[in-house]
Amino acid sequence: MQFGRVLALTVLDGKCTACGCTDYRVLQFNHINGEKADEKSYHFFADICLGKSVPHLEIRCANCNVIHEFERGNRPKLTKLINPATGQLTESFLKAQKEFNRLKYYVSLEAKTVNQG
């Protein structure tokens with residue numbers, strides 16, 4: 001199946017539509033508008049290789065595909081932690097991180113006290 005996948009990527013120009021990356025190790029099929037297809041199916045790759053129109057697919061590298069998913073709102077749990085528009089950590093994450101570090105500090109102090117006592 002890997003041969004069919006790589007051949008299909010080649011038929012579809014073999015580069016990321018967002019950034020132009022041509023590294024086949026990271027190229028993925030992106031389902032435009034969330035339309036799913038069975039990528040493990042022989043027919044999926046055969047149809048692409050035989051020139052069947054696939055308007056619901058585009059090629060993206062792994063990085064661009066994840067960013068695209070964020071922008072489409074398909075990573076709701078992570079958008080609480082990472083701003084989908086900028087890729088930067090959210091204020092709520094930074095506050096939680098500070099609290100975590102504060103608690104970690106107190107736990108380490110308590111562990112030292114127990115070990116010394």
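Note on the chain: Cα convex hull, mean projected area over all directions, 10.9 nm².
Taking amide H as placed 1.01 Å from N in the peptide plane, the amide H of residue 82 sits under 5 Å from that of 90, each at least 5 places away or on another chain. Cα axis of helix 2-11 to longest principal axis of the chain: angle in degrees, 0 to 90, nearest 10? In the chain, helix 2-11 runs at an angle near 70 degrees to the longest axis.
Rule-based calculations on the coordinates, nothing more; no lab input. These numbers were taken from a predicted model, which means no experiment stands behind them.
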